[in-house]
Structure formats: C-alpha cells, structure tokens
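Please treat every number below as a calculation from the coordinates, not as lab data. For clarity, every value in this text was computed on a predicted model and none was experimentally measured. Quick reminder, even Gly has a Cβ in these numbers, built from the backbone with ideal geometry, and neighbours come from all protein chains shown.
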Amino acid sequence: MFDTVQKILADFRRKKLPAQGLTPAAVLVPLFLKNEQPHLLMGRRTDKVLKHKGQISFPGGVRDPEDRDEVDCALREAWEEVGLEREDVTVLGQLSDIQTMTGYLVTPVVGRIPFPYEFKLNPVEVEELILVPWNVFSEPQKHRREVFEHEGSTHEVDFYEFEHHTIWGATARITRQLVELVEDRTSVEET
C-alpha cells in the first residue's frame, strides 16, 4: 500500500493556498501496518492545550521560524508531541493545503512510520493515541457531514465515528482527502 500512496502523491497536483491572514501550520499524517492492515495514527488532545481541547488530531502545529519547510514543521511537531524520531518517518508526499475555521493554513504531510513503536506522549499536548484502521474511513455508515456556521460563514464539516471517538473538522477533512485520493486512483487502476 505504501508504494501506491507514494506514487499517487508524487503524481498529485496539490493545491497550495496563500497564507494571507492565516497562521501557517503542518501536520504529519502517519500511516502504518498493524496486523497486516493499514492504519492512521491520531491523538486526543489534552484539556491543557490552548486550542482544540480534547479533539482528535494528527501530530502537528504552527510553523516555527526555524522550520525549513512544511515537512520540517510536521516532523518537528511529531517529535514534540508523540516522540516520533525524524529518521523513523518515510515521507510519502503532501496533500493539498486546507484552511481551518480557526484561521490556520495546514499542510498535511503523509508519512509511513514503523509499528509497533515506543511513542513518548507529551503530557501537556496528547492525552492518548488512537490507532484507526484505514477501512473505518471507507465505511459510509461511519461518515457524516454537517453544516456549521462560524463567524457568519457556512462550512460543511466531516465527521467519522471510531469506537468512542468522533474525528471531525480539519483532521476528518485531511483524512477524507487522502482516502478519496487513494481509493479513487486505486479503483481506476483496477478497472
């Protein structure tokens, strides 16, 4: 699967959005195999963080001035949040930028990680890790969209249900982008 994802992302013309008035950020979208099945690594944020308390997210955050680029930012944040060493991540590519309702311009960086792994959670930022099987995002009954109004604008927001967790917002949108890209391309190649 990882070679397929890497090839798809290499051919993908990602959409880069202008950062005007937005805070640049990046997340790592970690893919791994568990019991021979592809999974995504997510975390539940603590109640100690300033924003997005208790939400499910990928490791990531605001780009620092010393970050060389979005990939550097995503890898640094993954190290700070879950103890994932840079050299243990194989970057497979990037998805299109997304703009959040809260004013961030997020670049998703997709990477393969080893599993099992000795993660070291930052107790201020990450409450728990969530290992979500890829097939959760392919099951229509696990996905829904709702319309939200935020500061006078209307937004469609994706939601996925996994066990007792609700994955929504930017994390769900990034996940949907990756899953649709891979599954659409794979189904075309199979026909």
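Observations on the model:
- Options 132, 147: the member that is surrounded by fewer than 15 Cβ atoms within 10 Å (Cβ to Cβ) and part of a strand (DSSP E or B): 147
- For the range 73-100, filtered to residues that are outside any helix (DSSP H, G or I) and among the hydrophobic types (A, V, I, L, M, F, W, C), the residue that is surrounded by the most Cβ atoms within 10 Å (Cβ to Cβ) is 84.
- When the residues of the range 8-52 are filtered to those that are in a helix (DSSP H, G or I) and touching a helix residue (DSSP H, G or I) at 6+ places or on another chain (Cβ under 9 Å), the one that is surrounded by the fewest Cβ atoms within 10 Å (Cβ to Cβ) is 11.
- Residues located in the range 137-188, provided they are closer than 19 Å to residue 2 by Cβ, within 16 Å of the chain's Cα centre (by Cα) and acidic (Asp, Glu): 180
- Figure legend. Inter-residue proximity from the range 79-97: first residues under 22 Å from residue 22 (Cβ atoms), second residues assigned to a loop (DSSP other than H, G, I, E, B) and polar (S, T, N, Q), beta-carbon distance below 9 Å, spacing 6+ or different chains. Indicated pairs: 80/122; 81/122.
- Only residues that are under 17 Å from residue 91 (Cα atoms) and assigned to a loop (DSSP other than H, G, I, E, B) were counted in the range 101-116, giving 3.
- Contact map, the range 122-137: first residue in contact (Cβ under 8 Å) with a residue 60 or more places away in the chain and under 13 Å from residue 58 (Cβ atoms), second residue among the aromatic types (Phe, Trp, Tyr) and assigned to a loop (DSSP other than H, G, I, E, B), Cβ cut-off under 7 Å, separation 6 or more or different chains; pairs are 129/119.
- When every residue of the range 77-94 is checked against the conditions, at least one turns out to be touching a helix residue (DSSP H, G or I) at 6+ places or on another chain (Cβ under 8 Å) and at positive phi.
- The set of residues from the range 150-180 being of a type in the set (S, T, N, Q) and either in contact with a His (Cβ under 9 Å, 6 or more places away or on another chain) or not in a strand (DSSP E or B) (or both) comprises 171, 175, 177.
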